[in-house]
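The values are calculated or read from the model by the stated rules, or taken from the named source; none is laboratory data. None of these values were measured; they are calculated from a predicted model. No Cβ is skipped: glycine too gets one built from the backbone with ideal geometry, and neighbour counts run over all protein chains shown. Side chains are part of the model used for accessible areas, which takes the heavy atoms of the whole protein and leaves out ligands, DNA and RNA. Shrake-Rupley method; radii C 1.70, N 1.55, O 1.52, S 1.80 Å.
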Amino acid sequence: MKKTITILLPAYNEQESMPDLKRSMDQVLRDNPDYDWEFLMVNDGSTDGTLSEMERLCRENPRNYHCLDLSRNYGKEIALLAGMDYAHGDALIVMDADMQHPTDVIPEMLSYWEQGYDDVYAQRQSSRETWLKKNTSRFYYQLLQRITRIPIQPNTGDFRLIDRRCIDALRQMRETDRNTKGMFSWIGFRKKGIYYQQQERQHGQTKWSFRQLFNLALNGLTSFTTAPLRLASVFGIVVSLCAFLYLIYIIVKTIFIGDPVQGYPTLMVTILFLGGIQLISLGIIGEYLGHIFNETKKRPAYFVRSYDGQTDAPAP
C-alpha cells in the first residue's frame, strides 16, 4: 500500500503564483509515482483571487488537491497549524506557495524519511536577500542558539518534511503566539539537514514586512527562553551595585576631601540612565505578560470558512 505525503501550501494573495504552483505539483506527481500525494492549500484570508484559483484546482483534480479557507488573515504561523490539523498524510512537506522552494529536493527528503529520520529540514545555501536582512538574520539565529537550551538550526525556514509523529506533536501545542521554527526544534525527534538553492520569486512581492519579521523574532526570543527576564534581573543587580559603590565613593570623598555639589548634567545623566534601565526591564516583563494574557483567554487559534468550497467544513 502506498504511503500518503501531504504538501502544505499556505498562501496569502498569491493569485499570480497559482499557475506555477500547479506546474510544480504536477511535476511532483510525475517524479514520485510511488507515493499518494495530497496538496493541501491554505488560503490565509487573501483579498485577491487566490481562493478562486485554489477552488478551481480542487474541482479539476479533487483526488490530489484540497483547499482550506480560513475565516480571515491569521498569519502564516496559524495557517501552518490549520494545515497540520487537516493533513491526512503519513508525512508532511511544508512549502511556500510562491514556489521559491524547489521541488527537486523532495526525493532526497523522502529518501532520508524512509531511512528513519522524522524531520528532514532544508537549509538555504544562498539567497538574494539584502545584506542587512541576511546579517540581521544570522545575528538573530546566533543569539537564539546561545540563550536557549534547544538546538536551533541556522538558515532554516519552514521548508521541511516531518513525519506523522511530529505532526501529532505539533498539533498538541495550541498556543496562538506561535513560532513554528522554534517548535520544530523543541519537539525533538530524529533530524537530518539537507541543502537547497532558493529560487527567485516570479510573481508579486514578499508578504513579510520588517515589522512582521521583528514581531516573529521577538516571539521566538520570548517563547523559548526566559533569558531576557534573567538579563533584566542581572542589569538591575549590576546597576544597583554600581550605584552603591558610587554612593560609598561620594561619602568617603565628602568626609575626607570635601566635595562641592555636583552639577545639573551629572544628575540628569544618572536619572536618564536609571530610567532607561527601568523602562527596558518593564518592557521585557510586558512582553511575557502579553503572551500570558493571550494564552489565558484560550480562544481557538483559527476558524474555517470552507473546505474544498464547502462551507460545512469537516472537523480537523
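Below are the figures for this structure:
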| quantity | calculated |
| --- | --- |
| Portion, in percent, of the accessible area of segment 9-81 that falls on carbon or sulfur, probe 1.4 Å | 44 |
| Theoretical FRET efficiency, 1/(1+(r/R0)^6), r = Cβ-Cβ of Leu241 and Gln197, R0 51 Å, to 0.05 | 0.50 |
| Rh by Kirkwood over Cα pairs, then Stokes-Einstein D for segment 46-115 at 0.692 mPa s and 37 °C, µm²/s | 232 |
| Reach of Lys297 by Cα under 15 Å, taken over aspartates and glutamates that are not fewer than 8 positions away in the same chain | Glu175, Asp177 |
